[in-house]
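S.K.: Have a look at this one before I ask anything.
Taken together, the values in this text are just the output of simple stated rules run on the coordinates, not laboratory data. The structure presented is a predicted model; accordingly, all values stated were derived computationally and were not measured. We place every Cβ from the backbone using ideal geometry, glycine too, and count neighbours over all the protein chains shown.
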Amino acid sequence: MAKEAKLKCLRCGYEYTSPVSDNTELEERTCPRCSSNSVRQIREEKKGED
Ligand SMILES: [Zn+2]
C-alpha cells in the first residue's frame, strides 16, 4: 500500500494529500492550485522526524 503525505502550499495555503513513493523526497512538488513549488510536507502522524 502506498503511503500518503500531507502537503501544504506555502504560497496559497492549499493543503492536499499525495501518494508517496520511496523516491518522493527527490521529486519536485508543485501546488495543483497555483503551480508554486513552495510546497512543504506536513508530518503530523509521525513524530520524531525532522
Ligand atoms: Zn499553491
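S.K.: How far apart, in nm, are the 7 Å Cα→Cβ label points at Arg11 and Arg33?
M.R.: Each label point is offset 7 Å from its Cα along the Cβ direction, giving 1.2 nm.
S.K.: Follow-up. I'd like the FRET efficiency for Ala2 and Arg43, computed as 1/(1 + (r/R0)^6) with the beta carbon distance as r and R0 of 25 Å, rounded to 0.05.
M.R.: So, using R0 = 25 Å, E works out to roughly 0.90.
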